[in-house]
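First up is the structure itself, then whatever we jot down about it.
None of the figures in this text is laboratory data; all of them are computed from the coordinates on show. Just so you know, these numbers come straight off a predicted model, no measurement behind them. All Cβ positions, even for glycine, are placed from backbone atoms using ideal geometry, and neighbour counts span all protein chains on display.
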Amino acid sequence: MPSVSFDHLHKRFGATAVIDDFTLEVADGELVVLVGGSGSGKSTVLRMLAGLESPTSGSIRIGTRDVTALPPRERDVAMVFQDYALYPHMTVRENLSLGLRLRKMARAEIDRRITWAAGLLGLDTLLDRKPKALSGGQRQRVAMGRAMVREPAVFLFDEPLSNLDASLRAQMRIQIGTLQRRLGTTTVYVTHDQVEAMTLGDRIVVLADGRIQQVGRPIDIYEAPVNRFVAGFIGTPPMNFVEGTVVDDGGTRAFVADGARVALRGEVAERVAPGRALTLGVRPEDLRVAGPDGPWAEGPSLHGRVVLVERLGGSSHVHFEVGARRLMVALGNEALPAVDEMLSVQLSPGRMHWFDADGRAERPGYVAPTLEQALIMSRQKVAIITAGGSGMGAGAARRLAAAGFRVSILSSSGKGEALAKELGGIGVTGSNQSTEDLTRLVDATVDAWGRIDLLVNSAGHGPRAPVLELTDEDWHRGWTCTS
Amino acid sequence: MRPDRAGRRRAVAGYTAAILLASVMLIPFLWMLSTALMDEFEVFQYPPPLLPADPQWANFPNALTQLPFARFFLNSGILAVCMVLGQTLTGALGGYAFARFRFAGRGAVFAAYLGALMVPAIVLLIPRFLLIDALGGVDTIAGLVSTELVSVWGVFLLRQFFLSLPRETEDAARVDGASEWTIFWRIALPLARPALATVALFSFIDAWKSFLWPLVVTQSLEMRTVEVGIASFHGLYYANWPYQMAAAVTALIPVLVAFLASQRFFTRGIQLTGIR
């Protein structure tokens, strides 16, 4: 399966720039989600990749071929449209086979592919029906099937789920993800729904006004949005924002807003001068109701009046007003405050986002995902684990091996090698602070399996990261996490 | 007033209006039928009788054999088939091009087309005749048919229809590997069937009832069409009304059959364009 690359793509309609300098590499087999609001240009990018629109300047490559000037039929792409775009006068079978018939494929091969796709998508009994006689979900599956039978180099999805109801959408989202992983076809998926983006994408591209705002793995974008737009767009419920200013607080800097005062520390404090406008962003799930013994009792807090409590079943959203702003905290169902009650919520020191007056993040820091998150995100199969001889590292190694990973374990005692033997992996005895030992581990892993997809650093205390640099070749679009 | 009574009154008023309007349409037709069965001189009695005293069924065979009506029907049939095929095909091609292709001067050309709809056909009669005469087509089937193969109205109606088709379907075919011609032939055209049927039906009726052009462009008796044949019962000094009406009633039959067989397309045509 080939990769896709967009090189400085521009698209203008008259004086309006619809796409402004879009550059992106989609790796072979990767699922990249373009996400943005309406008018962000995400569908235009997809249509340019399909060949349905031509760029004003820039180029598009699929694999090694420059397809910028090629018509759609020569690009070997298949597309699933928002309104399915089935051929209304043809049966499901004819809908699926048209693309193959146009390519003069042998009858037997066409039948084989239709049987295969219909089996995967549960369309077997519908093949002789016309689209009019199908439900929305069935039409959607036919549209998917039509793309699948082509066995194209690249799949394109243009908001394929937006016409389905919520439960069907969730179901189809899982099916699309499963199928794409199974087929391993390079995929570009356009949606305005950030839940689809988060759950489906190997990587997400956030677009606004025709410009790329941020490209990254879903969890990275969630944890470290580069600007206020991305912060507000990715994550449900959306991030809370509090606008305020920086003041000099007797030698240290503090962020002050109506109803909030937060002492600034670290990098942020060094960068912002007193008097500057600053916006605090905090996710509803990163707030806790203040209590004397809470984990962040020492930390800053916000105080406001509860205006609305939404009970969602598993959790609840409590809306409260701080000054003139309405904020939200996501809570469990126990001990919910009542409307009009005063509420104090605490901020976790590590979970605050800062944005300057232009909306740029002041702390583009990276917070490593948890092991579970990394497991979900990584669908490749080779992991190396440092300090994996015992304790949490060994636990991680066992869980990864159970999940189908091949594991390489570095430990300072002989236990790592024993565990590796038990799990059918590679064991190296050495220190996670020694570049030499780590290099031995990496070399042994790459020699054996050719790639590294997940790096689990279980020596999370003390110096946080191992002294390790992976080359692009070793590091196969991998993930780093701490256990 | 009770609501059901109001409803009944409204229904009565509605039906009365409908019956009045229907009568306006129906009475001339019934009179034509009645006249077709009258004696040659009964027609001129005063006051005119509503019904023939003694129905003259022989008027029908007599009228149709006095002039070569079999030949007239054949000529009208050829004209109708050519017009139906020509106008639907050119209408589909032209309409699709106007609806889907971007080319220099598209707007201006289309405006000129619409402008042609405003020109009364009678104004074009002499130029058309001169043209056909110069090409040596007077009194031939080719001359009769050739200027009728394109209908501006057909192009317009089909353009409107193609505009109403979702572009995504065509884009899907494009990504599926279809060329522009394949998209037209295998996707757009099958989807346009209702509109094509409407154009075909209207062309058929236009062909069947056309009078002035066949009258001008044909000269010999065996090149005449049905309508022109009917008119020739009407001489300079003498008119055989019963024969004329008998031939007219006969000429109505194909139109009636076509209409009854495809009523829904008439309605569709009106929905599509708001014309007629």
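Remarks
- Computing FRET efficiency as 1/(1 + (r/R0)^6) for residue B:121 and residue B:222, where r is the C-beta to C-beta distance and R0 is 30 Å, gives about 0.75.
- Farthest positive-ward along chain A dipole, Cα basis, beta-carbon charges - from A:345, A:5, A:118: A:118
- FRET efficiency, 1/(1 + (r/R0)^6) with R0 56 Å, evaluated for residue B:9 and residue A:263 via beta carbons: 0.10
- Dividing the summed -39500 (n - 2.57) terms of all DSSP H runs of n ≥ 4 by the residue count of chain A sets its mean residue ellipticity at 222 nm at -8500 deg cm²/dmol.
- The mean sequence distance of close C-alpha pairs (under 8 Å, at least 6 residues apart), as a share of the length of the range B:60-272, puts its relative contact order at 35 percent.
- Modelled spin-label separation between residue A:418 and residue B:66, with each label point placed 7 Å from Cα along the Cα-to-Cβ direction: 12.3 nm.
- Residue (of B:58, A:236, A:51) at the positive-pole extreme of the protein assembly as shown, dipole from beta-carbon charges: B:58
- Look at the alpha carbon pairs under 8 Å that are at least 6 residues apart: their mean separation over the length of the range A:22-102 gives a relative contact order of 16 percent.
- Between the range A:172-195 and the range A:251-277, the alpha-carbon centres lie 42 Å apart.
- Sequence-ordered 3J(HN,Hα) estimates for the range A:110-125 from the Karplus curve with 6.51, -1.76 and 1.60 and θ = phi - 60° stand at 4, 4, 4, 5, 5, 4, 4, 5, 5, x, 5, 9, x, 9, 3, 8 Hz, glycine and proline given as x.
- Mean residue ellipticity, 222 nm, helices only, chain B: the sum of -39500 (n - 2.57) across DSSP H runs of n ≥ 4, divided by residue count and rounded to 500, is -22000 deg cm²/dmol.
- Computed FRET value (nearest 0.05) for residue B:252 with residue A:70, which takes r as the C-beta separation and R₀ as 51 Å: 0.30
- Helix B:152-164 axis, angle to chain B major axis (alpha carbon atoms, nearest 10°): 50
- For chain B, the longest principal axis of the Cα atoms and the long axis of helix B:167-176 meet at an angle of about 60 degrees.
- The Cα-based radius of gyration and maximum Cα-Cα distance (Dmax) for chain B are 23.5, 75 Å.
- Only Cα pairs under 8 Å and 6+ residues apart enter the sum, and on that basis the relative contact order of chain A stands at 11 percent.
- Assigned charges on the beta-carbon of Lys, Arg, Asp, Glu; the range B:60-272 dipole about Cα centre (debye): 400
- Mean per-residue shielding of peptide B:162-174 is 5, counting Cβ atoms of other chains within 10 Å of each Cβ.
- Relative protection proxy for B:144-153, B:216-225, from highest mean packing down: B:144-153, B:216-225 (other beta-carbon atoms within 10 angstrom).
- Divided by 2.2 N^0.38 Å, where N counts the residues, the Cα radius of gyration of the protein assembly as shown comes to 1.43.
- Annotation for residue A:17 and residue B:18: the two label points, set 7 Å from Cα along the Cα-Cβ direction, are 6.4 nm apart.
- Charge dipole magnitude, Cβ of K and R +1, D and E -1 - the range A:106-168, Cα centre, debye nearest 20: 240
- Helix A:391-402 axis versus longest C-alpha principal axis of chain A: approximately 10°, rounded to the nearest ten.
- Assuming charge only on the beta carbon of Lys and Arg (+1) and of Asp and Glu (-1), the dipole of chain A about its Cα centre is about 1760 debye to the nearest 20.
- 10 Å Cβ shell holding at most 15 others, DSSP loop, GluC sites (Glu not before Pro): longest site-free stretch of chain A: A:1-297
- Counting 0.36 nm for each residue step from residue A:28 to residue A:310 and taking away their Cα separation leaves a gain of 97.2 nm.
- Annotation: average projected area of the range B:1-137 is 18.7 square nanometres, based on the convex hull of Cα atoms across all directions.
- Counting, for every residue in A:83-91, the Cβ atoms of other protein chains within 10 Å of its Cβ and taking the mean gives 5.
- Summing Lys and Arg as +1 and Asp and Glu as -1 over all other residues whose Cβ lies under 10 Å from the Cβ of residue A:118 gives a net charge of +2.
- Averaging the Cα positions of each part gives two centres, and for the range A:1-65 and the range A:122-141 these lie 31 Å apart.
- Packing around the peptides B:96-108, A:110-122, B:194-206, taken as the average count of other Cβ atoms within 10 Å per residue, puts them in this order, highest first: B:194-206, A:110-122, B:96-108.
- Cβ neighbours within 10 Å from other chains - mean over A:73-80: 3
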